Every structure is written in C-alpha cells, then in structure tokens.
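The values are calculated or read from the model by the stated rules, or taken from the named source; none is laboratory data. Just so it is clear, the structure is predicted and the values come from calculations on it, not from any experiment. Don't worry about glycine lacking a Cβ; one is built from the backbone with ideal geometry, like all the others, and counts go over all protein chains shown. Remember, those area values only see protein heavy atoms, side chains included, never the ligands or the DNA or RNA. Shrake-Rupley method; radii C 1.70, N 1.55, O 1.52, S 1.80 Å.
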Amino acid sequence: MPAPNYTQHLPPGAKVAVAMSGGVDSSTAAALLVEQGYDVFGIMLRLWSEPGREHANRCCTPDAMALAKRIAAQLDIPFYAIDAKDVFHDKVVQYFLDGYTQGVTPNPCLVCNRHIRWEFLLNRALTLGADYMATGHYAQTIRIPGEPVKLLQGIDPKKDQSYVLGALDQAQLQHAIFPVGGYTKPEIRTMAEKFQLPAARIKDSQDLCFLAGTDYPSFLGRHAPQTADPGPIVTTGGEQLGEHQGLAFYTIGQRKGLGIAHSEPLYVLAKQADSNTLVVGTADELGQSALTAGNANWVSGRPESAPFQAMVKIRYTAGLVPGLVTPLDDEHFAVQFDQPVRDITPGQAAVAYHGSEVILSGIIQKAQGKQPQPYQAIRLVK
RNA sequence: UGGGGCGUGGUGCAACGGCAGCACACCGGACUUUGAAUUCGUUGAUCCUGGUUCGAAUCCAGGCGCCCCGG
C-alpha cells in the first residue's frame with residue numbers, strides 16, 4: 001500500500017472536515033482520515049435543484065444525503081448539512097446559463113469547485129473549527145514548510161481530477177487534503193469494501209448534478225429559451241447543409257446531433273455568434289495550433305513572466321499535449337502547441353503542467369491557427 | 001409536350017440476371033463528476049403495374065415522378 005502522501009506535514013490529530021457526497025470516493029476519504037487518527041467531521045452541501053425536480057438532482061438527492069449521514073454515523077463522526085442553494089444557483093447555474101447564452105461552452109464543475117466547494121463550503125468548514133478540508137478528488141498536494149502548496153495529478157491516470165482544481169489558489173490549497181489521490185480507483189473500491197462502506201458499489205457520478213436527469217439542451221430550453229435560435233449550418237466553403245436549433249446546443253468538435261447526411265462524418269469547427277452560423281467540416285479540418293486564455297490562476301501564487309514549455313490539457317478528458325505557454329498579462333496567457341490540437345473550445349479550461357504538477361489554469365477565450373476562412377454566410381438552399 | 005438521363009432505408013451512393021451492401025444520419029449501450037470525442041450495437045429500402053426467366057433492383061412494355069438539353 002503506497003504511503004499516504006496527503007499526510008505530509010499535517011499536524012497529527014488535526015481537525016479535518018470531509019466534504020461528503022454519499023459516493024465511494026468521499027466516503028473512503030473520510031474513512032481513511034478517521035483511520036489515520038484525525039479529528040474528522042462530515043459536511044455536505046445542499047445544492048440548488050429545479051423546483052419540482054429535487055429528487056433527480058444527482059449531487060444531493062434526499063437519498064444521497066441520507067446515505068452520507070449514515071456513513072458518517074458508521075464512522076462515528078459528526079455530520080453537518082450546509083444549505084448552498086442560493087449561492088450555487090447564483091454562481092454555478094447562472095454561469096452555466098450565461099456561458100451558453102454567450103456562445104461558449106462553460107464548464108460549471110470548475111466554477112463549482114472554485115466558488116462553492118473551495119470557497120463557500122471551505123469557509124463553513126473553517127467556521128466549524130476545521131483546520132483542513134478533504135474531498136474525494138483524485139489529486140494530490142505536496143506541502144513543504146515555507147513553500148507554496150503544490151497541486152499534483154492523482155496517481156490513477158484514468159481518474160485524475162487535478163484539471164478541475166487548477167483554479168484553486170494558495171489560500172484554498174493551504175487547507176486542501178485529497179486522501180484518495182494517492183490511490184487508484186480499484187484500490188479505493190477495495191478499501192471501501194474493507195471499510196464496509198455502503199457506497200462501495202455505487203456507480204460513479206456523472207453528468208451535471210443540477211440538470212435533474214435531463215439533458216442540457218432541455219435545461220436550457222426551460223431556463224434560457226432565447227438560446228433556441230435556429231440558423232444555418234454551413235461548410236468552410238460557404239455551402240449550407242442544414243439548419244441548427246441554436247448555437248448553444250453544439251460545441252466545438254461535436255459530431256453527433258448535426259442531423260446532416262454526408263459522404264463522411266462532419267464536425268463542428270466553429271460557432272459564429274454574430275451571424276448565428278454553425279460552421280462544420282471534415283475530420284481533417286479539425287485542429288488548431290494556439291489559444292489564448294483569461295482568468296489566469298498561477299497555482300503557486302507566483303506568476304511567471306517568461307514563456308515556458310509545458311504539457312497542456314484543454315478539457316477534462318484529454319491527453320496532455322506539449323506547447324509553449326506565454327504569459328500576456330496578469331489575467332491572460334497564450335499557448336502555442338507543437339502540433340495542432342483538436343477541439344480547442346472557448347469556455348473550457350486550459351491547464352498547464354510540469355510533470356504531474358499543476359502550474360497554471362485559465363479559461364480559453366479563443367482558438368487560433370488553421371482557422372476556417374471567414375466567409376459570408378449565404379443561403380443556397382431553395 | 002422534341003431529345004437525353006434518373007427513380008434502392010431519413011440522406012448520398014453500391015450490387016456480371018443469383019442471399020440487396022457501404023457511408024452519413026437517427027436510436028440504444030459502454031466510457032465520462034462539464035459540453036464533446038471515442039467505441040459497441042439495433043432498427044430501417046429496390047416508385048407503381050404487367051411481362052421475360054428456375055430466379056429481376058438489374059432485361060422488356062406501360063404508368064407516375066424528378067433532372068438536363070432544346071443555345
């Protein structure tokens with residue numbers, strides 16, 4: 001069994017709040033911390049749900065809440081439920097709706113981690129006397145006294161979640177513990193069995209919790225009906241192939257759902273908000289070589305000023321690709337990739353790594369290079 | 001109202017007279033704490049009526065529909 005890295009330089013017996021969800025990872029995290037002798041308590045968010053659909057919210061159904069409470073009781077730790085409905089709606093759901101309304105593809109999980117879990121919830125945990133807060137994220141930290149806390153990828157490359165934590169700052173990381181990040185998912189499941197946690201066999205969570213079991217287009221339809229604005233689907237040559245139902249329902253690189261029969265698969269190359277046009281093309285037209293990002297977060301708290309080579313991830317489930325990162329100003333940076341990269345999508349995060357260490361995170365504002373030629377959208381169909 | 005061409009799943013195309021196949025789309029599953037991607041799989045068709053033939057998407061006749069030329 002690998003050494004539990006997360007205990008590095010943690011005071012023995014420290015008081016640790018565990019953000020619980022009722023799932024395997026956070027439950028095992030809590031059990032591990034209890035086993036390590038920390039003074040543990042459980043804490044869980046009550047998040048916003050669509051009125052009338054509360055039972056379908058995957059993050060915090062009454063069932064999940066009851067399960068987490070039961071696990072806490074089994075571990076013999078206190079458990080607190082924290083209401084975060086309003087702040088979650090204001091920060092996350094609104095961000096989600098605004099992003100799609102503006103024509104980008106937002107990642108609400110990033111915002112939730114930054115503003116809900118690691119701000120709102122962390123503050124509650126500290127108020128409740130905690131020294132640290134733990135979550136079930138597959139990520140790792142390194143604490144060396146006198147140095148910034150480092151954020152590392154989880155050991156399990158298939159489960160690594162450091163990408164969604166790249167927006168955390170030092171004030172947050174100082175208090176962060178990721179007990180499961182030093183283990184693989186199978187190891188965690190095995191431990192959950194060993195601890196006899198009822199969550200051991202529960203399927204991993206997925207999809208956006210607040211969508212209430214529906215798909216996001218129908219959620220947009222209910223909460224941002226103005227996004228249902230049909231317009232032309234055209235090729236880079238300007239030929240119209242069909243009609244889209246609203247740019248918000250598509251994202252860069254998307255293949256399914258275009259409804260266009262063609263001799264080969266077509267993918268979304270670009271969304272042109274000004275002309276309400278969806279630009280599509282073949283697989284070999286995908287791929288761009290550079291991006292610029294905003295909302296820069298230097299994890300160490302110490303921004304670089306010179307360009308540097310790094311491995312960069314442009315969406316949650318993507319490989320690391322090499323590129324040159326160039327800081328532009330306090331808020332912005334650019335990345336020039338060594339090779340063209342598919343599906344660089346405004347609204348998603350670009351996260352730069354040195355080895356397994358997260359250096360820098362930002363929100364992609366635009367992709368550049370090998371961009372489809374600008375053209376005038378022309379209606380050619382009858 | 002002369003000539004020529006074409007009618008096959010939702011779309012675009014294949015099939016020497018011999019089990020109607022492919023691509024795209026659609027639908028479903030897997031994967032995934034975002035949207036996607038990827039992957040596995042299921043549906044689904046010979047314009048109509050006759051004729052020739054052991055056997056017709058294929059050959060013949062007629063009908064219906066569409067396209068091009070008739071500068």
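Some points to look at:
- Options A:MET191, A:LEU360, A:GLN172, ranked by Cα towards positive dipole end of chain A, top entry (Cβ charges): A:MET191
- Accessible surface of chain A, 1.4 Å probe: 51 percent of it comes from carbon and sulfur atoms.
- Stretched out straight at 0.36 nm per residue, the stretch from A:GLU264 to A:GLN365 would grow longer than its current Cα-Cα span by 33.4 nm.
- Cut-off under 5 Å, modelled amide H: who pairs with A:ALA134 long-range: A:ALA17, A:VAL18, A:ALA19, A:ILE177
- The range A:40-181 shape via C-alpha gyration tensor axes, a/c threshold 1.5: oblate
- The aspartates and glutamates within cross-link reach of A:LYS159, meaning a Cα-to-Cα straight distance under 15 Å and a gap of 8 or more places when in the same chain, are A:ASP25, A:GLU187, A:ASP204.
- With R₀ fixed at 30 Å, the C-beta to C-beta distance from A:ILE82 to A:GLN102 puts the FRET efficiency at about 0.45.
- Relative contact order (%) - the range A:188-304, alpha-carbon pairs under 8 angstrom, separation at least six: 17 percent
- Per residue, the solvent-accessible area of chain A (1.4 Å probe, heavy atoms of protein chains only, all protein chains present) comes to 45 Å².
- Angle in degrees between helix A:185-194 and the longest Cα principal axis of chain A, rounded to the nearest 10: 30 degrees
- Helix content alone sets the calculated 222 nm mean residue ellipticity of chain A: runs of n ≥ 4 DSSP H residues at -39500 (n - 2.57) each, divided across all residues, give -5000 deg cm²/dmol.
- Cross-link pairs exceeding 32 Å in C-alpha to C-alpha distance, out of A:LYS91/A:LYS185; A:LYS15/A:LYS185; A:LYS69/A:LYS313, comprise A:LYS69/A:LYS313.
- Here the gap between A:ALA318 and A:ASN123, fully extended at 0.36 nm per residue and compared with their Cα-Cα distance, gives a gain of 67.0 nm.
- Rounded to the nearest 20 debye, the dipole size of chain A about its Cα centre is 600 debye, using +1 on the Cβ of Lys and Arg and -1 on the Cβ of Asp and Glu.
- Once the Cβ-Cβ distance of A:THR282 and A:ALA306 is raised to the sixth power relative to R0 = 41 Å, the FRET efficiency obtained is 0.60.
- Virtual spin-label span in nm between A:ASP90 and A:ALA66, 7 Å along Cα→Cβ: 3.2 nm
- Radius, Kirkwood style, for chain A when every pair of distinct Cα atoms is counted (Å): 22.1 Å
- For A:ALA270, the amide hydrogen comes within under 5 Å of the amide hydrogens of A:VAL279, counting only partners 5 or more places away or on other chains and with H modelled in the peptide plane.
- Size of the range A:245-317 from its Cα atoms: along the principal axes, largest to smallest, the extents are 50, 25, 21 Å.
- Treating r as the C-beta distance of A:GLN74 and A:ASP274 and R0 as 45 Å, the FRET efficiency rounds to 0.20.
- Between the amide H of A:ILE82 and those of A:MET44, A:LEU45, A:ARG46, distances stay under 5 Å, these residues lying 5 or more places away or on another chain, with hydrogens modeled in the peptide plane.
- Rounded to the nearest Hz, the phi-derived 3J(HN,Hα) couplings of the range A:163-180 under the Karplus curve 6.51 cos²θ - 1.76 cosθ + 1.60 (θ = phi - 60°) are 4, 7, 9, x, 8, 7, 9, 4, 4, 7, 5, 3, 9, 8, 10, 10, x, 8, where x marks glycine and proline.
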